Amino acid sequence: MFCTRVIARKLYVNVSRLKVRHKPFCTDAATRVSGSNCGQPSPEHKETHDLSNNIQHYDIAIVGGGMVGMALACSLASMPLTKHLNVAIIDSNPALGSRPYFNKEDPPDPRVSTVTPATISFFKDVGAWQYVEQHRHAYFDKMQVWDYTGLGYTRYNAQDINKEVLGCVVENKVLHGSLLSCIENTDFQKTIYPSKLSSMTLPPSPSSLGMDSTSSRPPLSSQRHLAKLELSDGNSLYTKLVVGADGGKSCVRELAGFKTTGWNYSQNAIICTVEHTVENGCAWQRFLPAGPIALLPMGDNFSNIVWTMNPKESTNRKLMNEDEFVKDVNNALDYGYGPHPTSSLFGSGEMFSWPRAGVTLSANDCFEVPPKVVKLASERMVFPLSLRHASDYVSKHVVLIGDAAHTVHPLAGQGVNMGFGDAFALSRVIAEGIAVGSDIGEVTVLKKYEAERKPANIMMMGILDGFQKAYSVDFGPLNILRAAALHGAHFISPLKRSIISYASGEQKLPLFT
(Lines give C-alpha, C1' and ligand atoms only; values in the text may rest on other atoms or scores of the structure.)
Protein backbone atom coordinates (compact mmCIF):
# COMPACT_ATOMS: atom_id res chain seq x y z
CA MET A 1 0.00 0.00 0.00
CA PHE A 2 2.86 2.38 0.86
CA CYS A 3 4.54 1.67 -2.53
CA THR A 4 1.28 2.34 -4.34
CA ARG A 5 0.93 5.74 -2.63
CA VAL A 6 4.52 6.66 -3.51
CA ILE A 7 4.03 5.75 -7.21
CA ALA A 8 0.75 7.64 -7.35
CA ARG A 9 2.38 10.71 -5.75
CA LYS A 10 5.25 10.65 -8.30
CA LEU A 11 2.83 10.29 -11.18
CA TYR A 12 0.81 13.28 -9.95
CA VAL A 13 3.95 15.41 -9.65
CA ASN A 14 5.09 14.45 -13.16
CA VAL A 15 1.74 15.41 -14.71
CA SER A 16 1.36 18.60 -12.68
CA ARG A 17 4.87 19.77 -13.53
CA LEU A 18 3.97 19.82 -17.24
CA LYS A 19 1.31 22.46 -16.67
CA VAL A 20 3.76 25.09 -15.38
CA ARG A 21 4.86 27.77 -17.85
CA HIS A 22 8.66 28.06 -18.05
CA LYS A 23 10.34 31.42 -17.55
CA PRO A 24 12.66 32.28 -20.41
CA PHE A 25 16.33 32.97 -20.04
CA CYS A 26 19.08 33.35 -22.62
CA THR A 27 21.70 30.90 -23.82
CA ASP A 28 24.13 30.93 -26.73
CA ALA A 29 24.82 27.21 -26.55
CA ALA A 30 22.27 26.09 -29.11
CA THR A 31 22.77 25.37 -32.77
CA ARG A 32 20.44 27.18 -35.14
CA VAL A 33 19.14 25.81 -38.42
CA SER A 34 17.04 27.74 -40.90
CA GLY A 35 15.46 27.13 -44.26
CA SER A 36 15.09 29.61 -47.07
CA ASN A 37 11.92 28.08 -48.50
CA CYS A 38 10.14 26.74 -45.42
CA GLY A 39 8.25 29.86 -44.41
CA GLN A 40 7.89 33.36 -45.77
CA PRO A 41 6.49 36.34 -43.82
CA SER A 42 2.70 36.42 -43.83
CA PRO A 43 1.60 39.98 -42.93
CA GLU A 44 -1.93 39.26 -44.14
CA HIS A 45 -2.81 37.37 -40.95
CA LYS A 46 -4.89 39.67 -38.78
CA GLU A 47 -4.67 37.68 -35.56
CA THR A 48 -1.13 36.92 -34.39
CA HIS A 49 0.60 36.48 -31.07
CA ASP A 50 3.08 39.26 -30.30
CA LEU A 51 5.60 37.42 -28.16
CA SER A 52 8.69 39.52 -28.80
CA ASN A 53 9.02 40.39 -25.13
CA ASN A 54 7.57 37.19 -23.69
CA ILE A 55 8.34 34.06 -25.71
CA GLN A 56 5.77 31.39 -24.96
CA HIS A 57 6.72 27.88 -23.83
CA TYR A 58 4.95 24.70 -24.85
CA ASP A 59 5.23 21.02 -24.15
CA ILE A 60 4.64 20.10 -27.81
CA ALA A 61 4.63 22.12 -31.03
CA ILE A 62 2.81 20.38 -33.91
CA VAL A 63 3.99 21.85 -37.20
CA GLY A 64 1.20 21.08 -39.65
CA GLY A 65 -2.46 21.25 -38.72
CA GLY A 66 -3.74 18.90 -41.41
CA MET A 67 -5.55 15.64 -40.81
CA VAL A 68 -2.61 13.80 -39.24
CA GLY A 69 -1.45 16.73 -37.11
CA MET A 70 -4.96 17.32 -35.80
CA ALA A 71 -5.38 13.59 -35.18
CA LEU A 72 -2.33 13.72 -32.90
CA ALA A 73 -3.76 16.74 -31.06
CA CYS A 74 -7.11 14.97 -30.59
CA SER A 75 -5.43 11.83 -29.33
CA LEU A 76 -3.39 13.83 -26.82
CA ALA A 77 -6.55 15.64 -25.69
CA SER A 78 -8.37 12.33 -25.12
CA MET A 79 -5.89 10.63 -22.75
CA PRO A 80 -5.68 11.38 -19.00
CA LEU A 81 -1.88 11.61 -18.95
CA THR A 82 -1.61 13.97 -21.93
CA LYS A 83 -4.74 16.11 -21.87
CA HIS A 84 -3.00 18.61 -19.56
CA LEU A 85 -0.18 19.30 -22.01
CA ASN A 86 0.21 22.77 -23.47
CA VAL A 87 0.33 22.41 -27.26
CA ALA A 88 1.05 24.81 -30.11
CA ILE A 89 -0.29 24.06 -33.61
CA ILE A 90 1.50 25.89 -36.41
CA ASP A 91 -0.25 26.05 -39.79
CA SER A 92 -1.16 28.89 -42.14
CA ASN A 93 -4.36 27.15 -43.28
CA PRO A 94 -7.19 29.61 -42.46
CA ALA A 95 -9.56 26.67 -41.90
CA LEU A 96 -7.97 26.13 -38.48
CA GLY A 97 -9.26 29.47 -37.27
CA SER A 98 -12.93 28.94 -38.09
CA ARG A 99 -15.62 26.39 -37.40
CA PRO A 100 -16.09 23.85 -40.19
CA TYR A 101 -19.12 24.39 -42.42
CA PHE A 102 -20.31 21.97 -45.09
CA ASN A 103 -23.19 22.48 -47.49
CA LYS A 104 -24.89 19.12 -47.97
CA GLU A 105 -26.24 20.27 -51.32
CA ASP A 106 -22.75 20.61 -52.80
CA PRO A 107 -21.26 17.63 -54.66
CA PRO A 108 -18.47 15.82 -52.83
CA ASP A 109 -14.97 17.28 -52.98
CA PRO A 110 -12.62 15.10 -55.08
CA ARG A 111 -10.03 14.99 -52.27
CA VAL A 112 -11.10 11.97 -50.24
CA SER A 113 -9.57 9.27 -48.05
CA THR A 114 -10.51 5.62 -47.70
CA VAL A 115 -10.25 5.01 -43.98
CA THR A 116 -9.79 1.48 -42.67
CA PRO A 117 -11.65 -0.13 -39.76
CA ALA A 118 -8.54 0.48 -37.63
CA THR A 119 -8.68 4.22 -38.41
CA ILE A 120 -12.42 4.30 -37.74
CA SER A 121 -11.76 2.72 -34.35
CA PHE A 122 -9.09 5.35 -33.64
CA PHE A 123 -11.52 8.17 -34.53
CA LYS A 124 -14.15 6.65 -32.26
CA ASP A 125 -11.65 6.38 -29.40
CA VAL A 126 -10.74 10.08 -29.56
CA GLY A 127 -14.38 11.14 -30.04
CA ALA A 128 -14.14 12.40 -33.64
CA TRP A 129 -16.15 9.78 -35.55
CA GLN A 130 -19.48 11.11 -34.27
CA TYR A 131 -18.77 14.30 -36.24
CA VAL A 132 -17.87 12.35 -39.39
CA GLU A 133 -21.24 10.59 -39.22
CA GLN A 134 -23.03 13.96 -39.24
CA HIS A 135 -21.78 14.56 -42.78
CA ARG A 136 -21.53 12.65 -46.05
CA HIS A 137 -19.57 9.42 -45.85
CA ALA A 138 -19.85 6.02 -47.52
CA TYR A 139 -19.18 2.67 -45.89
CA PHE A 140 -18.45 -0.21 -48.21
CA ASP A 141 -18.38 -3.94 -47.50
CA LYS A 142 -17.22 -5.23 -50.92
CA MET A 143 -14.18 -4.65 -53.11
CA GLN A 144 -13.32 -5.99 -56.56
CA VAL A 145 -9.82 -5.97 -58.09
CA TRP A 146 -9.00 -7.12 -61.63
CA ASP A 147 -6.62 -6.35 -64.48
CA TYR A 148 -6.91 -5.49 -68.14
CA THR A 149 -5.74 -8.89 -69.41
CA GLY A 150 -8.94 -10.61 -68.32
CA LEU A 151 -6.89 -13.42 -66.81
CA GLY A 152 -7.76 -12.92 -63.15
CA TYR A 153 -9.78 -11.03 -60.57
CA THR A 154 -10.53 -11.15 -56.87
CA ARG A 155 -13.42 -9.98 -54.71
CA TYR A 156 -13.27 -9.21 -51.02
CA ASN A 157 -16.22 -9.13 -48.64
CA ALA A 158 -16.28 -7.87 -45.07
CA GLN A 159 -18.09 -11.05 -44.04
CA ASP A 160 -14.95 -13.00 -44.98
CA ILE A 161 -13.33 -11.68 -41.77
CA ASN A 162 -16.55 -11.32 -39.76
CA LYS A 163 -16.56 -7.54 -40.14
CA GLU A 164 -19.43 -5.25 -41.06
CA VAL A 165 -17.38 -3.03 -43.39
CA LEU A 166 -14.06 -3.01 -45.25
CA GLY A 167 -13.71 0.74 -44.96
CA CYS A 168 -15.34 4.13 -45.38
CA VAL A 169 -14.75 6.83 -47.99
CA VAL A 170 -14.78 10.33 -46.49
CA GLU A 171 -13.93 13.73 -47.92
CA ASN A 172 -10.69 15.07 -46.47
CA LYS A 173 -12.39 18.30 -45.43
CA VAL A 174 -14.94 16.26 -43.43
CA LEU A 175 -12.21 14.25 -41.66
CA HIS A 176 -10.28 17.43 -40.90
CA GLY A 177 -13.37 19.32 -39.78
CA SER A 178 -14.44 16.45 -37.53
CA LEU A 179 -11.06 16.47 -35.80
CA LEU A 180 -11.33 20.25 -35.36
CA SER A 181 -14.83 19.95 -33.91
CA CYS A 182 -13.65 17.22 -31.58
CA ILE A 183 -10.77 19.21 -30.14
CA GLU A 184 -12.85 22.40 -29.87
CA ASN A 185 -15.22 20.55 -27.55
CA THR A 186 -12.47 19.79 -25.03
CA ASP A 187 -10.60 21.97 -22.55
CA PHE A 188 -7.29 21.00 -24.17
CA GLN A 189 -4.65 23.75 -23.85
CA LYS A 190 -3.81 24.62 -27.45
CA THR A 191 -2.68 27.71 -29.28
CA ILE A 192 -3.03 27.93 -33.05
CA TYR A 193 -0.41 30.00 -34.87
CA PRO A 194 -1.64 30.95 -38.38
CA SER A 195 1.87 31.06 -39.74
CA LYS A 196 4.73 29.01 -41.19
CA LEU A 197 7.91 27.70 -39.63
CA SER A 198 10.95 29.75 -40.70
CA SER A 199 13.76 28.41 -38.53
CA MET A 200 14.36 25.93 -35.74
CA THR A 201 17.05 26.07 -33.07
CA LEU A 202 17.70 22.71 -31.46
CA PRO A 203 19.38 22.31 -28.07
CA PRO A 204 22.92 20.91 -28.09
CA SER A 205 23.95 17.51 -26.82
CA PRO A 206 25.17 17.27 -23.18
CA SER A 207 28.77 16.79 -24.37
CA SER A 208 28.77 20.10 -26.24
CA LEU A 209 27.79 21.83 -23.01
CA GLY A 210 30.64 20.22 -21.13
CA MET A 211 28.23 18.05 -19.13
CA ASP A 212 28.60 14.40 -18.29
CA SER A 213 25.64 12.49 -19.67
CA THR A 214 25.45 10.59 -16.37
CA SER A 215 25.35 13.73 -14.22
CA SER A 216 22.14 14.95 -12.65
CA ARG A 217 19.78 16.60 -15.09
CA PRO A 218 19.38 20.42 -14.96
CA PRO A 219 15.91 21.81 -14.32
CA LEU A 220 13.55 21.24 -17.23
CA SER A 221 12.74 24.97 -17.29
CA SER A 222 16.22 25.66 -18.69
CA GLN A 223 15.98 26.88 -22.26
CA ARG A 224 19.07 24.89 -23.11
CA HIS A 225 16.79 21.83 -23.10
CA LEU A 226 14.12 23.29 -25.36
CA ALA A 227 13.80 23.76 -29.11
CA LYS A 228 13.17 27.29 -30.33
CA LEU A 229 10.91 27.87 -33.32
CA GLU A 230 10.77 31.13 -35.25
CA LEU A 231 7.74 31.75 -37.43
CA SER A 232 7.24 33.67 -40.65
CA ASP A 233 5.05 36.28 -38.93
CA GLY A 234 7.79 37.18 -36.44
CA ASN A 235 6.58 35.10 -33.53
CA SER A 236 8.85 32.71 -31.61
CA LEU A 237 8.20 29.91 -29.16
CA TYR A 238 10.03 27.28 -27.10
CA THR A 239 8.98 23.66 -26.89
CA LYS A 240 10.13 20.33 -25.50
CA LEU A 241 9.05 18.42 -28.61
CA VAL A 242 8.63 19.44 -32.25
CA VAL A 243 6.31 17.21 -34.27
CA GLY A 244 6.73 17.42 -38.03
CA ALA A 245 3.26 16.75 -39.46
CA ASP A 246 3.78 19.11 -42.38
CA GLY A 247 3.52 16.76 -45.34
CA GLY A 248 5.75 15.34 -48.03
CA LYS A 249 7.77 18.56 -48.40
CA SER A 250 8.26 18.80 -44.65
CA CYS A 251 10.04 21.90 -43.42
CA VAL A 252 10.68 20.24 -40.05
CA ARG A 253 12.35 17.30 -41.78
CA GLU A 254 14.54 19.65 -43.77
CA LEU A 255 15.53 21.84 -40.83
CA ALA A 256 16.24 18.86 -38.56
CA GLY A 257 18.47 17.28 -41.22
CA PHE A 258 16.60 14.00 -41.65
CA LYS A 259 17.75 12.09 -44.74
CA THR A 260 15.25 10.45 -47.09
CA THR A 261 15.33 7.76 -49.75
CA GLY A 262 12.85 7.27 -52.56
CA TRP A 263 11.98 7.99 -56.16
CA ASN A 264 9.39 9.52 -58.45
CA TYR A 265 7.14 7.11 -60.33
CA SER A 266 6.88 9.04 -63.62
CA GLN A 267 3.15 8.79 -63.07
CA ASN A 268 0.43 11.29 -62.24
CA ALA A 269 -2.95 10.67 -60.67
CA ILE A 270 -6.17 12.34 -61.79
CA ILE A 271 -8.81 12.64 -59.08
CA CYS A 272 -12.40 13.80 -59.51
CA THR A 273 -15.98 13.19 -58.42
CA VAL A 274 -18.37 11.45 -60.80
CA GLU A 275 -22.08 10.67 -60.70
CA HIS A 276 -24.12 7.51 -61.44
CA THR A 277 -27.80 6.84 -61.89
CA VAL A 278 -27.64 4.32 -59.02
CA GLU A 279 -25.79 4.29 -55.72
CA ASN A 280 -22.40 2.59 -55.70
CA GLY A 281 -21.74 0.37 -52.67
CA CYS A 282 -18.49 -1.30 -53.72
CA ALA A 283 -14.85 -0.20 -54.08
CA TRP A 284 -13.49 -1.05 -57.54
CA GLN A 285 -9.92 -1.13 -58.80
CA ARG A 286 -8.70 -2.20 -62.22
CA PHE A 287 -5.05 -2.38 -63.20
CA LEU A 288 -4.45 -0.89 -66.66
CA PRO A 289 -1.24 -0.80 -68.72
CA ALA A 290 -0.33 2.74 -67.54
CA GLY A 291 -1.57 2.37 -63.96
CA PRO A 292 -4.63 1.50 -61.85
CA ILE A 293 -8.01 3.22 -61.88
CA ALA A 294 -10.13 3.18 -58.73
CA LEU A 295 -13.85 3.92 -58.37
CA LEU A 296 -14.75 4.59 -54.74
CA PRO A 297 -18.29 5.04 -53.34
CA MET A 298 -19.12 8.41 -51.80
CA GLY A 299 -22.87 8.11 -51.21
CA ASP A 300 -25.80 9.87 -52.92
CA ASN A 301 -24.99 8.29 -56.32
CA PHE A 302 -21.52 9.84 -56.28
CA SER A 303 -18.16 8.11 -56.61
CA ASN A 304 -14.56 9.21 -56.51
CA ILE A 305 -12.10 8.47 -59.32
CA VAL A 306 -8.37 7.99 -58.70
CA TRP A 307 -6.75 7.24 -62.05
CA THR A 308 -2.99 6.71 -62.41
CA MET A 309 -1.36 7.30 -65.80
CA ASN A 310 1.73 8.82 -67.39
CA PRO A 311 2.09 12.62 -67.21
CA LYS A 312 1.26 13.21 -70.88
CA GLU A 313 -1.99 11.24 -70.62
CA SER A 314 -2.93 13.06 -67.43
CA THR A 315 -2.48 16.44 -69.12
CA ASN A 316 -4.60 15.37 -72.08
CA ARG A 317 -7.39 13.93 -69.91
CA LYS A 318 -7.48 16.98 -67.67
CA LEU A 319 -7.99 19.23 -70.69
CA MET A 320 -10.42 17.09 -72.74
CA ASN A 321 -14.12 17.93 -72.66
CA GLU A 322 -16.37 16.35 -70.06
CA ASP A 323 -18.18 13.95 -72.39
CA GLU A 324 -14.93 12.53 -73.74
CA PHE A 325 -13.53 12.13 -70.22
CA VAL A 326 -16.64 10.29 -69.00
CA LYS A 327 -16.41 8.03 -72.05
CA ASP A 328 -12.75 7.26 -71.24
CA VAL A 329 -13.60 6.47 -67.61
CA ASN A 330 -16.36 4.03 -68.56
CA ASN A 331 -14.08 2.44 -71.13
CA ALA A 332 -11.32 1.98 -68.54
CA LEU A 333 -13.75 0.34 -66.08
CA ASP A 334 -15.40 -1.93 -68.65
CA TYR A 335 -14.11 -3.54 -71.87
CA GLY A 336 -11.35 -1.04 -72.59
CA TYR A 337 -7.82 -2.49 -72.87
CA GLY A 338 -9.05 -6.08 -72.59
CA PRO A 339 -11.92 -8.49 -71.82
CA HIS A 340 -13.78 -9.10 -68.59
CA PRO A 341 -12.48 -11.95 -66.45
CA THR A 342 -14.84 -14.92 -66.41
CA SER A 343 -16.17 -16.19 -63.11
CA SER A 344 -14.73 -19.62 -63.88
CA LEU A 345 -11.38 -18.07 -64.81
CA PHE A 346 -9.97 -19.13 -68.19
CA GLY A 347 -13.34 -20.58 -69.21
CA SER A 348 -13.27 -24.36 -69.39
CA GLY A 349 -9.47 -24.52 -69.32
CA GLU A 350 -7.67 -26.34 -66.57
CA MET A 351 -5.04 -23.67 -65.88
CA PHE A 352 -5.09 -22.65 -62.19
CA SER A 353 -7.80 -25.19 -61.45
CA TRP A 354 -6.04 -26.47 -58.30
CA PRO A 355 -7.02 -23.62 -55.96
CA ARG A 356 -10.69 -23.84 -56.89
CA ALA A 357 -11.10 -27.58 -56.69
CA GLY A 358 -14.35 -28.26 -54.89
CA VAL A 359 -15.13 -24.55 -54.54
CA THR A 360 -18.56 -23.27 -55.54
CA LEU A 361 -18.79 -19.59 -56.43
CA SER A 362 -21.47 -17.62 -54.61
CA ALA A 363 -23.13 -14.56 -56.09
CA ASN A 364 -20.79 -12.40 -54.01
CA ASP A 365 -17.75 -14.04 -55.63
CA CYS A 366 -18.74 -13.55 -59.28
CA PHE A 367 -17.19 -10.79 -61.38
CA GLU A 368 -19.34 -7.70 -61.73
CA VAL A 369 -19.14 -4.63 -63.97
CA PRO A 370 -18.96 -1.29 -62.09
CA PRO A 371 -21.90 1.12 -62.41
CA LYS A 372 -21.72 3.44 -65.41
CA VAL A 373 -20.55 7.02 -64.93
CA VAL A 374 -23.04 9.48 -66.38
CA LYS A 375 -21.59 12.82 -65.33
CA LEU A 376 -18.47 14.58 -64.10
CA ALA A 377 -19.38 16.30 -60.81
CA SER A 378 -16.17 18.19 -59.92
CA GLU A 379 -13.02 19.63 -61.37
CA ARG A 380 -10.26 17.23 -62.38
CA MET A 381 -7.17 17.55 -60.21
CA VAL A 382 -3.73 16.15 -61.10
CA PHE A 383 -0.79 15.44 -58.82
CA PRO A 384 2.52 13.59 -59.31
CA LEU A 385 3.23 10.29 -57.55
CA SER A 386 6.34 9.32 -55.63
CA LEU A 387 7.69 7.14 -52.86
CA ARG A 388 9.70 8.79 -50.09
CA HIS A 389 10.82 7.50 -46.72
CA ALA A 390 12.79 9.17 -43.94
CA SER A 391 15.81 7.18 -42.80
CA ASP A 392 14.98 8.16 -39.23
CA TYR A 393 11.69 9.28 -37.71
CA VAL A 394 13.14 10.83 -34.54
CA SER A 395 16.02 12.81 -33.13
CA LYS A 396 16.28 14.64 -29.85
CA HIS A 397 13.27 16.95 -29.50
CA VAL A 398 12.03 16.22 -33.05
CA VAL A 399 9.72 13.53 -34.46
CA LEU A 400 8.11 13.01 -37.87
CA ILE A 401 4.64 11.62 -38.54
CA GLY A 402 2.50 11.08 -41.64
CA ASP A 403 3.73 12.18 -45.05
CA ALA A 404 6.67 13.98 -43.42
CA ALA A 405 8.02 10.50 -42.63
CA HIS A 406 6.68 8.55 -45.61
CA THR A 407 4.79 9.06 -48.87
CA VAL A 408 3.37 6.15 -50.87
CA HIS A 409 1.55 5.32 -54.08
CA PRO A 410 -2.23 5.83 -53.68
CA LEU A 411 -3.22 2.52 -55.32
CA ALA A 412 -4.57 1.03 -52.07
CA GLY A 413 -5.50 4.23 -50.26
CA GLN A 414 -3.20 3.42 -47.36
CA GLY A 415 -1.19 6.65 -47.05
CA VAL A 416 -3.43 8.58 -44.67
CA ASN A 417 -4.15 5.45 -42.63
CA MET A 418 -0.41 5.04 -42.08
CA GLY A 419 -0.32 8.65 -40.88
CA PHE A 420 -3.20 8.16 -38.46
CA GLY A 421 -1.41 5.07 -37.16
CA ASP A 422 1.66 7.24 -36.53
CA ALA A 423 -0.39 9.82 -34.62
CA PHE A 424 -2.01 7.22 -32.37
CA ALA A 425 1.28 5.45 -31.66
CA LEU A 426 3.14 8.69 -30.88
CA SER A 427 0.48 9.93 -28.47
CA ARG A 428 0.60 6.63 -26.63
CA VAL A 429 4.40 6.71 -26.40
CA ILE A 430 4.26 10.28 -25.05
CA ALA A 431 1.75 9.19 -22.40
CA GLU A 432 3.96 6.27 -21.40
CA GLY A 433 6.94 8.60 -21.10
CA ILE A 434 5.01 10.98 -18.86
CA ALA A 435 3.87 8.06 -16.68
CA VAL A 436 7.46 7.19 -15.79
CA GLY A 437 8.66 10.79 -15.49
CA SER A 438 10.71 10.93 -18.70
CA ASP A 439 11.40 14.04 -20.77
CA ILE A 440 9.07 13.67 -23.77
CA GLY A 441 11.76 15.13 -26.04
CA GLU A 442 14.35 12.49 -25.19
CA VAL A 443 15.45 10.18 -27.99
CA THR A 444 15.09 7.12 -25.76
CA VAL A 445 11.37 7.89 -25.40
CA LEU A 446 10.78 8.77 -29.05
CA LYS A 447 12.65 5.70 -30.33
CA LYS A 448 9.83 3.55 -28.98
CA TYR A 449 7.51 5.25 -31.46
CA GLU A 450 9.99 4.69 -34.30
CA ALA A 451 10.47 1.04 -33.33
CA GLU A 452 6.73 0.47 -33.58
CA ARG A 453 5.86 2.44 -36.70
CA LYS A 454 8.91 2.22 -38.95
CA PRO A 455 8.78 -1.56 -39.60
CA ALA A 456 5.00 -1.43 -40.17
CA ASN A 457 5.32 1.48 -42.60
CA ILE A 458 8.24 -0.09 -44.48
CA MET A 459 6.27 -3.31 -44.91
CA MET A 460 3.23 -1.48 -46.29
CA MET A 461 5.41 0.68 -48.56
CA GLY A 462 7.17 -2.41 -49.90
CA ILE A 463 3.88 -4.12 -50.73
CA LEU A 464 2.47 -1.04 -52.48
CA ASP A 465 5.68 -0.43 -54.40
CA GLY A 466 5.76 -4.09 -55.41
CA PHE A 467 2.23 -3.87 -56.80
CA GLN A 468 3.10 -0.71 -58.69
CA LYS A 469 6.14 -2.29 -60.30
CA ALA A 470 4.45 -5.64 -61.01
CA TYR A 471 1.66 -3.95 -62.94
CA SER A 472 3.96 -1.57 -64.82
CA VAL A 473 5.14 -4.29 -67.22
CA ASP A 474 3.03 -5.92 -69.95
CA PHE A 475 4.81 -9.25 -70.42
CA GLY A 476 3.09 -12.60 -71.09
CA PRO A 477 4.68 -14.77 -68.37
CA LEU A 478 4.40 -11.96 -65.83
CA ASN A 479 0.73 -11.47 -66.76
CA ILE A 480 0.10 -15.14 -65.96
CA LEU A 481 1.88 -14.83 -62.63
CA ARG A 482 -0.21 -11.78 -61.74
CA ALA A 483 -3.36 -13.68 -62.68
CA ALA A 484 -2.26 -16.58 -60.49
CA ALA A 485 -1.78 -14.17 -57.57
CA LEU A 486 -5.25 -12.68 -58.02
CA HIS A 487 -6.68 -16.18 -58.44
CA GLY A 488 -5.04 -17.34 -55.20
CA ALA A 489 -6.24 -14.27 -53.34
CA HIS A 490 -9.75 -15.00 -54.56
CA PHE A 491 -10.05 -18.73 -53.87
CA ILE A 492 -7.58 -19.55 -51.06
CA SER A 493 -9.61 -18.58 -48.01
CA PRO A 494 -6.77 -18.28 -45.44
CA LEU A 495 -4.82 -16.02 -47.80
CA LYS A 496 -7.89 -13.94 -48.60
CA ARG A 497 -8.71 -13.45 -44.90
CA SER A 498 -5.13 -12.47 -44.14
CA ILE A 499 -5.00 -9.92 -46.98
CA ILE A 500 -8.28 -8.33 -45.92
CA SER A 501 -7.18 -8.16 -42.27
CA TYR A 502 -3.87 -6.56 -43.19
CA ALA A 503 -5.48 -3.99 -45.48
CA SER A 504 -8.02 -3.21 -42.74
CA GLY A 505 -5.27 -2.03 -40.44
CA GLU A 506 -4.55 -5.15 -38.42
CA GLN A 507 -0.77 -5.38 -38.36
CA LYS A 508 -0.44 -8.91 -39.60
CA LEU A 509 1.58 -9.91 -42.61
CA PRO A 510 -0.56 -11.07 -45.56
CA LEU A 511 0.50 -14.68 -45.19
CA PHE A 512 -1.23 -17.84 -44.09
CA THR A 513 -2.36 -17.69 -40.49
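Computed on protein heavy atoms with a 1.4 Å probe, the accessible areas place Ile55, Ile183 in the order Ile55, Ile183, largest first. Here, segment 409-448 yields an orientationally averaged convex hull projection of 3.1 nm² when only Cα atoms define the hull. Rounded to the nearest 10 square angstrom, Lys327 shows an accessible area of 130 square angstrom against a 1.4 Å probe. Summary of packing: across the peptides 411-417, 292-298, the per-residue average of other C-beta atoms within 10 Å ranks them, highest first, as 292-298, 411-417. Dipole magnitude for segment 364-449: about 200 debye, using +1 per Lys or Arg Cβ and -1 per Asp or Glu Cβ, origin at the Cα centre. Listed peptides 419-427, 133-141 appear in the order 419-427, 133-141 once ranked by packing, highest mean of other Cβ atoms within 10 Å at the front. Couplings 3J(HN,Hα) for segment 385-393, derived from phi with the Karplus relation 6.51 cos²θ - 1.76 cosθ + 1.60 (θ = phi - 60°), are 10, 7, 10, 9, 9, 6, 4, 10, 9 Hz, where x marks Gly and Pro. Approximating the spin labels as points 7 Å out from Cα along Cα→Cβ, the Asp300-to-Ala484 distance works out to 4.8 nm.
The heavy atoms of Thr273 offer some 0 square angstrom of accessible surface to a 1.4 angstrom probe.
Couplings 3J(HN,Hα) of segment 179-191, computed from phi: 5, 4, 4, 4, 6, 5, 8, 10, 9, 4, 7, 9, 10 Hz, in residue order, whole Hz [Karplus 6.51 cos²θ - 1.76 cosθ + 1.60, θ = phi - 60°; x for Gly and Pro]. Among the protein heavy atoms, those of Val382 account for about 60 Å² of accessible surface (1.4 Å probe, every chain in place).
3J(HN,Hα) along segment 102-111: 10, 8, 5, 7, 6, x, x, 5, x, 8 Hz, from the Karplus curve 6.51 cos²θ - 1.76 cosθ + 1.60 with θ = phi - 60°, whole Hz, x for Gly and Pro. Could you work out how far apart the two model spin labels at Asp187 and Asn93 are, taking each label as a point 7 Å from the Cα in the direction of the beta carbon, and quote it in nm? It works out to 2.8 nm between the two label points. In this structure, the residue pairs whose Cα-Cα separation is over 23 Å, taken from Lys259/Lys448; Lys190/Lys454; Lys142/Lys163; Lys124/Lys190; Lys240/Lys447; Lys124/Lys240, are Lys190/Lys454; Lys124/Lys240. For segment 268-294, backbone nitrogen atoms closer than 17 Å to the point 7 Å from Met320 Cα along Cα-to-C-beta are found at 268-275, 288-294.
Amide H to amide H, with H built 1.01 Å from N, Ile90 comes under 5 Å of Ile62, Val63, Gly64, Tyr193, counting only residues 5 or more places away or on other chains.
Dipole of segment 61-127 computed with +1 at Lys/Arg Cβ and -1 at Asp/Glu Cβ about the Cα centre; of Tyr101, Val87, Pro117, farthest Cα towards the positive end is Val87.
Shown is the FRET efficiency for Val278 and Met381, computed with R0 = 25 Å from the Cβ-Cβ distance and rounded to the nearest 0.05: 0.50. Under 5 Å from the amide H of Tyr148 lie the amide H atoms of Phe287, each residue being 5 or more positions distant or on a separate chain, with H modelled from the backbone and absent for Pro and chain starts. If you sort Asp365, Asp323, Asp403 by accessible surface, 1.4 Å probe, largest first, the order is Asp323, Asp403, Asp365.
The values are calculated or read from the model by the stated rules, or taken from the named source; none is laboratory data. Worth saying up front: this structure is predicted, and the values here are computed from it rather than measured. As a convention, Cβ positions derive from the backbone with ideal geometry for all residues, glycine included, and neighbour counts pool all protein chains shown. Surface areas here come from the heavy atoms of the whole protein model, side chains and all, with no ligands, DNA or RNA. Shrake-Rupley method; radii C 1.70, N 1.55, O 1.52, S 1.80 Å.
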